[in-house]
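Undergrad: Once you've had a glance at the structure underneath, I'll fire off some questions.
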Amino acid sequence: MRKTLPIHFLILAAVAGAGAGHGQLRPTLDRYCVDCHSDAQRTAGLSLESVDADDVAAAPETWEKVARKLRAGAMPPAGRSRPSGEATSRLLSGLESELDRAAAADPRPGRPAIHRLNRTEYANAIRDLLALEVDTRSLLPADDLAFGFDNIADTLSFSPLLLERYLATARKVSRLAVGDPSLRPEVETHHAAKVLVQSDRMSEELPFGSRGGLAIRHRFPLDAHYTFKVALGGRRAGAETLEIR
């Protein structure tokens with residue numbers, strides 16, 4: 001009769017088989033690699049003589065080079081003695097498993113490049129810090145795009161002209177934030193869209209049941225007297241009610 005092995009024995013055997021490639025790393029290096037990659041010769045600037053083969057996580061850059069060369073079949077070089085294909089596969093499997101385990105235990109994604117805020121991020125920062133809605137599209141030029149995105153550090157350059165625009169915007173934002181009483185009176189004009197028929201509710205910000213009109217967001221920098229002038233255009237049949245809220 002055929003014997004059935006206990007499940008714990010099968011698990012132990014599988015674990016032992018998985019680590020077999022890694023356990024043979026040092027003997028394989030000594031046999032096939034150390035002749036050229038020794039501390040004395042350091043061919044291609046690489047030495048595998050004193051590196052710890054039992055602690056792959058201690059030198060992941062070195063073992064990444066070894067794995068790439070083995071995977072490509074570039075090492076050992078042509079004409080030199082090589083391990084069998086099965087032995088190389090076992091070594092690669094064990095080595096790459098150790099590298100993946102080390103990377104998962106201590107991930108090092110690198111540092112993001114320092115870059116300036118684009119105009120959308122700048123507007124969001126002003127809104128969060130000062131509770132001001134700033135139209136940066138009218139104050140700052142459009143940011144350069146790369147791969148369809150305008151927040152990639154490599155493309156967010158800082159020219160002298162752009163610096164002047166940011167400084168001018170910062171001066172305007174600071175005056176809006178503190179309410180500078182020396183501000184000169186300004187005239188701002190808003191037009192209703194001429195291509196839209198003003199016979200229905202025009203915006204989600206307008207009341208239900210309204211017809212025509214427009215919603216405007218405006219920052220009043222000071223407590224003062226303001227003058228509103230409304231000019232109506234087009235042909236109107238009958239009386240119309242105009243509300244300003």
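No lab work stands behind these numbers, since they all come straight from the coordinates. Please read these numbers as outputs of a predicted model, since none were measured by experiment. When we count neighbours, we look across all protein chains shown, and the Cβ atoms used for this are built from the backbone with ideal geometry, even at glycine.
Undergrad: Less than 18 Å apart at the alpha-carbon level, and either on another chain or at least 8 residues along: which aspartates and glutamates does that give for residue 229?
TA: 186, 188, 240, 243
Undergrad: Tell me whether segment 108-157 comes out rounded, prolate or oblate; compute the Cα gyration tensor, take square roots of the eigenvalues as a ≥ b ≥ c, and use a/c under 1.5 as the rounded threshold. Write down the numbers at each step before the final one.
TA: Working: a/c = 3.06, a/b = 1.49, b/c = 2.06.
Judged from the Cα gyration tensor, segment 108-157 comes out oblate (a/c at least 1.5, b/c at or above a/b).
Undergrad: Which residues does a label at residue 144 reach in segment 116-135, if reach means a backbone N under 20 Å from a point 7 Å past the Cα toward the Cβ?
TA: The answer is 116-122, whose backbone nitrogens lie closer than 20 Å to the label point.
Undergrad: Now a separate question. Show me the chymotrypsin sites (Phe, Trp or Tyr not before Pro) within segment 152-211 that DSSP assigns to loop and that have at most 14 other Cβ atoms within 10 Å of their Cβ. Walk me through the numbers on the way to the answer.
TA: On the way: sites: 158, 166, 208; in loops: 158, 208.
Sparse-neighbourhood loop chymotrypsin sites (Phe, Trp or Tyr not before Pro): 158, 208.
Undergrad: Please list the three semi-axes, largest first and in whole Å, of the ellipsoid equivalent to segment 112-224, using sqrt of 5 times the eigenvalues of its alpha carbon gyration tensor. Walk me through the intermediate numbers first.
TA: Details: eigenvalues 192, 97, 34 Å².
Square roots of five times the eigenvalues give 31, 22, 13 Å.
Undergrad: Quick one: which residues, 5+ away or cross-chain, put their amide H under 5 Å from the amide H of residue 46? H built at 1.01 Å from N.
TA: Residues meeting the criterion, in which the H sits 1.01 Å from N, do not exist here.
Undergrad: Can you pull the one-decimal nm distance between simple spin-label points at residue 193 and residue 105, each 7 Å off the Cα toward Cβ?
TA: 6.0
Undergrad: Further, regarding this structure: Test of the criteria: in segment 102-154, which chymotrypsin sites (Phe, Trp or Tyr not before Pro) are in a DSSP loop and have at most 10 other Cβ atoms within 10 angstrom of their Cβ? Spell out each step's value before the answer.
TA: On the way: sites: 122, 147, 149; in loops: 147.
Qualifying residues, ordered by number: 147.
Undergrad: GluC sites (Glu not before Pro), restricted to segment 140-245: which are DSSP loop and have at most 15 other Cβ atoms within 10 Å? Walk me through the intermediate numbers first.
TA: On the way: sites: 164, 186, 188, 204, 205, 240, 243; in loops: 186, 188, 204, 205, 240, 243.
When the GluC sites (Glu not before Pro) of segment 140-245 are filtered for loop state and at most 15 Cβ neighbours within 10 Å, 186, 188, 204, 205, 240, 243 remain.
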